[in-house]
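Structure first, then comments.
The values are calculated or read from the model by the stated rules, or taken from the named source; none is laboratory data. Predicted, not measured: the structure shown is a model, and the values here were computed from it. All Cβ positions, even for glycine, are placed from backbone atoms using ideal geometry, and neighbour counts span all protein chains on display.
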Amino acid sequence: DRILLGSGNKGLESLKWMDARSVAEVIRLEHPQIISIVLSYLDPDQSADVLKMLPERARPDILMRVAALEGVPPSALQELDQIMEKQFSGSQNVSQNTMGGFKTAANILNFMEASIEGAIMESIGEHDQDMQESISELMFVFDNLNEVDDRGIQALLREVSTDSLTLALKGADEGLREKILNNMSKRAAEMLREDMEARGPVKLSEVELAQKDIISTARRLAEDGDIVLGGSGGEEMI
């Protein structure tokens with residue numbers, strides 16, 4: 001099957017200028033792998049809107065394919081060439097394109113309504129729990145704590161150990177570090193600064209482990225309704 005977009009606008013690039021419903025109609029009958037490549041190419045917010053227009057039962061499979069997509073090899077691009085009116089014509093010598101992956105899947109889910117996101121993630125977990133966890137981890141990263149309000153940061157600080165916080169902040173940007181320190185008492189902030197300086201260089205793996213531990217705590221607090229995270233699709237506040 002070939003995707004026909006009209007005489008004036010052909011190929012993947014033209015999809016970016018179409019509304020979500022039209023894109024969904026164009027790709028609806030294509031193989032899920034082709035759909036996953038198209039969604040990986042589009043911006044995450046547009047991909048999320050398109051995915052919502054596709055059949056509910058097909059969404060988890062498509063997003064799993066997005067997550068598993070580590071790149072598009074020349075052979076796949078050649079197939080896409082034919083479908084997309086030779087958008088990448090002459091691609092025999094093209095190198096692998098970086099598209100898809102867990103981060104792309106997470107970005108798409110970040111733009112979806114919480115109920116749809118939850119249903120898709122639950123279905124993915126039933127098929128591949130490791131993939132579900134990998135996507136989930138990328139939906140809210142440590143730097144996203146910048147988006148948590150002061151009350152949420154204070155609630156989080158009550159739940160994490162000083163040792164984990166010291167390690168985690170060693171790998172944080174200056175803005176996030178100051179945000180967290182400003183939500184502590186003056187004495188506690190001074191002690192934490194001293195601890196970070198005294199610890200000296202640390203392994204990146206230790207920093208990442210501490211950050212993941214704090215992220216896990218933040219997710220638990222969010223599930224309990226104690227804080228609102230900025231990364232994962234929480235309910236809109238008005």
Checklist entry - Inside the stretch 73-128, can you point out the residues that are modelled with pLDDT under 75, within 12 Å of the chain's Cα centre (by Cα) and aromatic (F, W, Y)? => result F111
Item to check | Condition check for G171: on the phi > 0 side of the Ramachandran plot and not hydrophobic (A, V, I, L, M, F, W, C) | outcome: no
Next on the checklist: Please pick out the residue among E122, E174 that is more than 17 Å from L51 (Cβ to Cβ) and surrounded by fewer than 19 Cβ atoms within 10 Å (Cβ to Cβ).
Outcome noted: E174
Item to check | Every pair of residues 6+ apart whose Cβ atoms lie under 7 Å, when the first sits in the stretch 12-23 and is closer than 12 Å to S40 by Cα while the second is modelled with pLDDT under 80 and part of a helix (DSSP H, G or I) | outcome: none
